[in-house]
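Take a look at the structure below.
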Amino acid sequence: MPAPLKFIESTPDLPAEADVVVIGGGVIGSFTSYYLAQRGLKVALVEKGVVGGEQSSRNWGWCRQQNRDERELPLATKALDLWEQFGLESGQETGFRRCGLFYVSNDGEELATWAKWGEYARSIGVKTRMLNSQEATEKGGFTRQVWKGGVHSQMDGIADPGLAVPAVARAVMALGGTVHQACAARGIETTGGAVSAVVTERGTIRTKLVIHAGGAWASSFMRQLGVRFPQATVRQSILAVGTGHMSLPDAFYGDSMSITRRGDGSHALAYSGRAKVDLTLQFLRFQKQFLPMFKQRWKKVSPGGLQGLLAGHETLSRWALDRPTPMEARRILDPAPDAKTISLTVERVSRLIPAVATAPVVASWAGFVDSTPDGVPVIGEIPAVPGMILAAGFSGHGFGIGPGAAHLVADIVTGNEPIVDPRPYRLSRFDPGALIDVSEF
């Protein structure tokens with residue numbers, strides 16, 4: 001079933017021209033459109049399905065600095081401030097709050113890794129605190145267990161995946177931007193090699209700037225332009241249980257399990273990192289570059305089935321701009337949740353938090369998480385196609401760092417001082433033969 005999501009109305013008419021066309025109505029595309037509209041640009045946001053319909057509404061909802069790779073940490077820090085700022089300046093409700101994140105563990109190696117990360121993070125101003133056994137056990141009293149230690153990242157928080165992206169899209173329209181749902185971008189037209197228009201199923205929009213923030217569809221779309229973007233998706237499953245009567249934290253992690261309070265009063269439960277890999281032609285094409293990542297994470301990743309192949313987002317086929325594309329055949333990627341993962345998640349969380357064992361399951365869903373070979377996104381201009389910017393491959397981190405990444409995209413478009421150094425996110429780091437530095441978290 002789809003994850004809980006607030007639906008919004010679209011702008012009625014497609015514009016004939018725009019300063020910028022943003023492809024993809026997820027968290028990255030919507031926030032990018034917002035920041036560009038704030039700067040006075042005429043923005044058209046096109047989405048093949050519904051705003052927030054894919055991974056942007058299917059994630060944990062964590063907005064964290066804790067345990068971020070050092071390449072992503074600057075974005076994560078900026079994003080937290082931007083989440084807060086967006087609510088204040090737009091008046092829209094995203095469910096964001098700095099509730100703090102609470103981690104516990106009985107694994108000495110895991111605790112040592114957290115401690116090492118904390119030393120680095122504190123050196124650059126991040127507020128994070130290791131907890132000793134007594135502190136972790138007292139703070140985690142709801143688990144009724146003794147813990148060796150833990151972490152409290154007091155400035156981190158959560159937002160509601162069902163509310164956030166639609167709220168941003170509404171803010172885009174309030175600023176004069178346009179939002180077009182059920183409007184797939186089929187491709188790009190160029191003049192002299194540079195972007196001159198975006199062809200959608202509803203018509204053509206003349207523009208000199210295009211931002212592709214299409215999540216799991218990015219690699220197949222870029223292939224139409226002759227651009228090689230190594231990307232693979234894994235299928236992850238989540239459920240929500242009714243916990244209205246329980247005294248539980250907003251966000252908790254222990255024994256690879258996470259629980260997160262949602263806006264409707266339920267808690268989302270997830271098995272961190274556990275995923276299915278569906279074999280596709282795109283996966284086979286890029287498998288060599290992904291070997292270091294799968295070698296590092298093999299304990300939690302297992303072979304899947306045909307869902308990824310049948311969904312069509314990892315196709316290697318070419319499509320014409322005057323005929324329906326795979327994106328129109330599959331408006332929303334909505335894979336079935338893996339029953340074994342759902343059952344195992346409930347079992348393990350119930351061992352952690354006994355009260356959850358009797359909580360009713362109110363929803364379950366799955367999503368395709370798109371990743372790059374190193375687990376760090378690609379954000380930047382595509383030299384082979386002047387006027388094209390790619391922002392994809394967020395590797396399960398896009399929701400939390402979304403405002404920061406989107407602000408960086410807007411900076412690149414307008415020539416402003418970048419909010420963070422953009423160099424770690426260049427596509428060229430995946431040129432054939434380049435070494436892959438896989439993120440640790």
| request: Identify the single condition in (1) on the phi < 0 side of the Ramachandran plot; (2) surrounded by 16 or more Cβ atoms within 10 Å (Cβ to Cβ) that Gly215 does not satisfy, given that it satisfies every other one. | output: (1)
| request: Report yes if some residue within the stretch 122-140 is touching a helix residue (DSSP H, G or I) at 6+ places or on another chain (Cβ under 7 Å) and part of a strand (DSSP E or B); otherwise report no. | output: yes
| said: Return the residues of the stretch 1-53 that are farther than 30 Å from Trp365 by Cβ and assigned to a loop (DSSP other than H, G, I, E, B); say none if nothing qualifies. | reply: Pro12, Asp13, Leu14, Pro15, Ala16, Ala18, Asp19, Arg39, Gly40, Leu41, Lys42
| Among (1) closer than 20 Å to Ile389 by Cα; (2) assigned to a loop (DSSP other than H, G, I, E, B), the one test that Val195 misses | (2)
| note | Taking the stretch 308-320 and keeping only residues that are in contact with an Asp or Glu (Cβ under 8 Å, 6 or more places away or on another chain) and either at positive phi or surrounded by fewer than 18 Cβ atoms within 10 Å (Cβ to Cβ) (or both), one is left with Leu309
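Could you please find all residues in the stretch 29-67 being of a type in the set (Lys, Arg) and either within 17 Å of Ala268 (Cα to Cα) or crowded, with 24+ Cβ neighbours inside 10 Å (or both)?
Residues satisfying the conditions are Lys48, Arg58, Arg64.
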| field | From Val21, Val46, Val51, residue being within 14 Å of the chain's Cα centre (by Cα) and β-branched (Val, Ile, Thr) | value | Val51
| Of (1) surrounded by fewer than 18 Cβ atoms within 10 Å (Cβ to Cβ); (2) not assigned by TED's automatic domain parsing to the domain that holds Gly404, Gly91 satisfies all except one. Which? | (2)
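Can you tell which of Glu119, Glu135 is exposed (fewer than 12 other Cβ atoms within 10 Å of the Cβ) and among the charged types (D, E, K, R)?
After ruling out the rest, the residue left standing is Glu119.
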| request: Within the stretch 170-187, identify whether any single residue is crowded, with 21+ Cβ neighbours inside 10 Å, touching a residue at least 40 places away in the same chain (Cβ under 8 Å), in contact with a Phe, Trp or Tyr (Cβ under 6 Å, 6 or more places away or on another chain) and within 23 Å of Trp62 (Cβ to Cβ), and answer yes or no. | output: yes
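With the requirement that a residue be over 26 Å from Thr190 (Cβ atoms) and either among the charged types (D, E, K, R) or not in a helix (DSSP H, G or I) (or both), what does the stretch 371-413 give you?
Ser371, Pro373, Asp374, Gly375, Val376, Phe394, Ser395, Gly396, His397, listed by residue number.
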| Among the residues of the stretch 343-363, is there at least one that is under 24 Å from Pro292 (Cβ atoms), touching a Ser or Thr at 6+ places or on another chain (Cβ under 7 Å) and among the small types (Gly, Ala, Ser)? | no
| field | Contacts under 9 angstrom Cβ, first residue in the stretch 1-15 being in the same structural domain as Gly49 (by TED's automatic domain parsing) and crowded, with 17+ Cβ neighbours inside 10 Å, partner modelled with pLDDT of 95 or more and part of a loop (DSSP other than H, G, I, E, B), 6 or more apart | value | none
| query | Restricting attention to the stretch 321-370, which residues are closer than 30 Å to Glu189 by Cβ and either of a type outside the set (D, E, K, R) or surrounded by 19 or more Cβ atoms within 10 Å (Cβ to Cβ) (or both)? | reply | Leu321, Pro324, Thr325, Pro326, Met327, Ala329, Ile332, Leu333, Phe368, Asp370
| said: Given the options Leu82, Leu75, name the one that is touching a His at 6+ places or on another chain (Cβ under 8 Å), over 18 Å from Ala268 (Cβ atoms), part of a helix (DSSP H, G or I) and among the aliphatic types (A, V, I, L, M). | reply: Leu82
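The values are calculated or read from the model by the stated rules, or taken from the named source; none is laboratory data. All figures in this text were calculated on a predicted structure; none of them were measured in a lab. Quick reminder, even Gly has a Cβ in these numbers, built from the backbone with ideal geometry, and neighbours come from all protein chains shown.
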